[in-house]
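The values are calculated or read from the model by the stated rules, or taken from the named source; none is laboratory data. Quick caveat: nothing in here was measured; it's all calculated off a predicted structure. Cβ coordinates were reconstructed from backbone atoms using ideal geometry, including for glycine residues, and neighbour counts include every protein chain displayed. SASA here: full protein model, heavy atoms, side chains in, ligands and nucleic acids out. Shrake-Rupley method; radii C 1.70, N 1.55, O 1.52, S 1.80 Å.
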Amino acid sequence: MVSRVIPVDSFDLVIFGGTGDLARRKILPGLFRRFRAGQMPADAQVIGAARSDMDDAAFREMVREAIVEFGGNGTPDPGDLDAFLERVAYQSVDAKGEAGWSELEDKLRDDCVRAFYFSVGPSLFGDLAERLRTFGLATETSRIVVEKPFGNDLESARALNRELAQYFDETQIYRIDHYLGKETVQNLMAVRFGNVLFEPLWNAQFVDHIQITVAETVGVGGRGGYYDHSGAMRDMVQNHLMQLLCLIAMEPPAQFEPDAVRDEKLKVIRALDPVEPHHIVRGQYGADEKQPGYRAHVENERSRTESFVALKAHISNWRWAGTPFYLRTGKMLRARASEIAVVFKDAPHSIFGAEAGRHRNVLAIRLQPNEGMTLDVTIKEPGPGGMRLLDVPLDMSFADALGPDGGEVPDAYERLVMDVIRGNQTLFMRGDEVEAAWAWTDPLIDSWEARGDVPKPYDPGSSGPEDALMLMHRDGRRWRDIKA
Ligand code: NAP
């Protein structure tokens, strides 16, 4: 099945931090793939901007190397790459200074969409917003794209919202959470609201519990300095896991439109109960024979920052009262695997007797690797010997369902950048959502800090600390295996 590509209006996209890691690994290769898919208009411009002194030719060479290294899907066609690079330019500019801004302004056109991607550290967001206005680069229809982290707590997120609001209207601010750009996450909404099959069962009466897991095999890598001040709760739960929780739990919006969707997500966050202290487990990975542990990675032998968190949350509303949501994320775990699992309740009465065992329907939404969904259905084990039951997955893997073109499903970043150009904010976080999420996580973080909570150690390559397993065992439930 060939996916349908709808070209976007012409645009000038300025990537502040165009020489940085995120731009090279994700944004620029993603734009190239959209170009190759025929979605980028012939006269669209991509302008890299950073302090480094380089000319267009040097930047294009950097972009070429980034696309070859991170573009995926084999070696890019040299003709395609050259044609894309013709649309790429560079301007040296300092977010905190005056130099380069007028030159950047000269490069922008008046009659097309203007978007400014802030792919720089968050301390520069305010400076960039202010200079875009002062130097006349921002028009009434310009958009800014703001990377995570959006604040470090409620107070800093509020301050940042206020600062951006001085220069840009909320309709111009695109706070990115790349989890929302994943095809499966959007498909979750299609499955929930495009079928009659699931929604009648999507509530406390039929759902036993929901598990959300985002497991990584990597450690903190080169981000140790940032991570040790952040930890899994701020880095993953407050944003990515919270967004997934919202999409799973929200009421059907009246339309698939930005504010209709975001209003419903906000209601979920506001309905979250405070987490009981004994319903949360923090962990920190230790060393193994191959590598040093977390504390050595962040060069802080006394660090109390968590690289793992598991918690049980409750949503106080009619739909979900009494249904636990178990969330877990961590680094250095057994496999790189992210999934949401909706575990339905047992059939009210088993006509097959106790020996048939316990069987449950599970809808598993896999985010990575191999985006797709499976629905476990109970059937009779084939063959003679009586009624033995078996759970088999109905597999809805995208790669299979979409045929050879399945591999061309846009990556989250490329999808989201195109949404910015289209002016569609549905998959971006609104300022009040971000604040509400911080308002939920702040008291937890504050209480750990106040009592000097020390995370539980766990082995690299494991499923996290033993206490995280107990969190579910105590409730007579178990986590699904973390497997790639
Ligand atoms: P990075 O590799 O350190 O790149 C930072 C970029 O900002 C460089 O291009 C740098 O170039 C530019 N820069 C720094 N100071 C500047 C200034 N005063 N004026 C103009 N440009 C300046 O960082 P990154 O990893 O790409 O991350 C960028 C943002 O994305 C951060 O907010 C990060 O939290 C977020 N993020 C990154 C990832 C990721 O995978 N990397 C994932 C999620 C979110 P010059 O030094 O030449 O100025």
Cβ pairs under 6 Å, 6+ apart or interchain, first in the stretch 218-235 and over 15 Å from ASN152 (Cβ atoms), second within 13 Å of the ligand (Cβ to nearest atom), ordered by first then second residue, are VAL220/TYR227
Residues of the stretch 31-87 that turn out to be under 29 Å from the mean Cα position of the chain (by Cα), closer than 22 Å to LEU137 by Cβ and aliphatic (A, V, I, L, M), as a count: 8
Which residue pairs have Cβ atoms closer than 7 Å, lie 6 or more positions apart in sequence or on different chains, and pair a first residue in the stretch 461-484 that is surrounded by 14 or more Cβ atoms within 10 Å (Cβ to Cβ) with a second residue that is of a type in the set (D, E, K, R) and in a loop (DSSP other than H, G, I, E, B)? SER462/ARG334; SER463/ARG334; MET472/ARG478; ILE482/ARG334
Would you mind stating whether GLY97 is within 16 Å of the ligand (Cβ to nearest atom), outside the structural domain of GLY423 (by TED's automatic domain parsing), under 19 Å from SER119 (Cβ atoms) and within 25 Å of the chain's Cα centre (by Cα)? no
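Report yes if ALA287 is surrounded by 15 or more Cβ atoms within 10 Å (Cβ to Cβ) and not in a loop (DSSP other than H, G, I, E, B), otherwise no.
In short, no.
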Only one residue in SER102, SER92 is among the polar types (S, T, N, Q), more than 26 Å from GLY423 (Cβ to Cβ), touching a Ser or Thr at 6+ places or on another chain (Cβ under 8 Å) and within 16 Å of the ligand (Cβ to nearest atom), so which one is that? SER92
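Please pick out the residue among MET40, MET54 that is more than 8 Å from the ligand (Cβ to nearest atom) and closer than 24 Å to GLY97 by Cβ.
Within the list MET40, MET54, the selection yields MET54.
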So ALA129 passes all but one of these: (1) away from the ligand (no atom under 16 Å from the Cβ); (2) free of Cβ contacts under 8 Å to residues at least 60 places away in the same chain; (3) under 29 Å from TYR227 (Cβ atoms). Which condition number does it fail? (1)
Criterion (without any contact (Cβ under 8 Å) to a residue 60 or more places away in the chain, surrounded by 20 or more Cβ atoms within 10 Å (Cβ to Cβ) and away from the ligand (no atom under 16 Å from the Cβ)) met by exactly one of PHE11, PHE59, PHE84: PHE84
Among the residues of the stretch 239-249, are any open to solvent by 10 Å² or more (accessible area, probe 1.4 Å), under 27 Å from ARG270 (Cβ atoms) and either touching a helix residue (DSSP H, G or I) at 6+ places or on another chain (Cβ under 8 Å) or of a type in the set (D, E, K, R) (or both)? yes
For the stretch 472-484, name all the residues that are of a type in the set (A, V, I, L, M, F, W, C) and either in the same structural domain as GLN284 (by TED's automatic domain parsing) or over 13 Å from GLY330 (Cβ atoms) (or both). MET472, ALA484
Can you find a residue that is at pLDDT below 95, surrounded by fewer than 22 Cβ atoms within 10 Å (Cβ to Cβ) and either touching a strand residue (DSSP E or B) at 6+ places or on another chain (Cβ under 6 Å) or closer than 29 Å to TYR226 by Cβ (or both) anywhere in the stretch 268-280? yes
Test: residue in the stretch 212-228 that is more than 26 Å from SER463 (Cβ to Cβ) and modelled with pLDDT under 95: yes
Inspect the stretch 429-450 for any residue being open to solvent by 50 Å² or more (accessible area, probe 1.4 Å), in a loop (DSSP other than H, G, I, E, B) and modelled with pLDDT under 95 and give the result as yes or no. no
Take GLN205 and decide whether it is under 16 Å from PHE428 (Cα atoms), open to solvent by 20 Å² or more (accessible area, probe 1.4 Å) and assigned by TED's automatic domain parsing to the domain that holds LEU241. no
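One line per residue, one yes/no per condition, for (1) in contact with a Phe, Trp or Tyr (Cβ under 7 Å, 6 or more places away or on another chain); (2) modelled with pLDDT under 90; (3) open to solvent by less than 60 Å² (accessible area, probe 1.4 Å):
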{"position": "ARG304", "(1), (2), (3)": "no, no, no"}
{"position": "TRP320", "(1), (2), (3)": "no, no, yes"}
{"position": "LEU333", "(1), (2), (3)": "no, no, yes"}
{"position": "PHE344", "(1), (2), (3)": "yes, no, yes"}
{"position": "GLY353", "(1), (2), (3)": "no, yes, yes"}
Set LEU160, LEU197: member being touching a Gly at 6+ places or on another chain (Cβ under 6 Å) and of a type in the set (A, V, I, L, M, F, W, C): LEU160
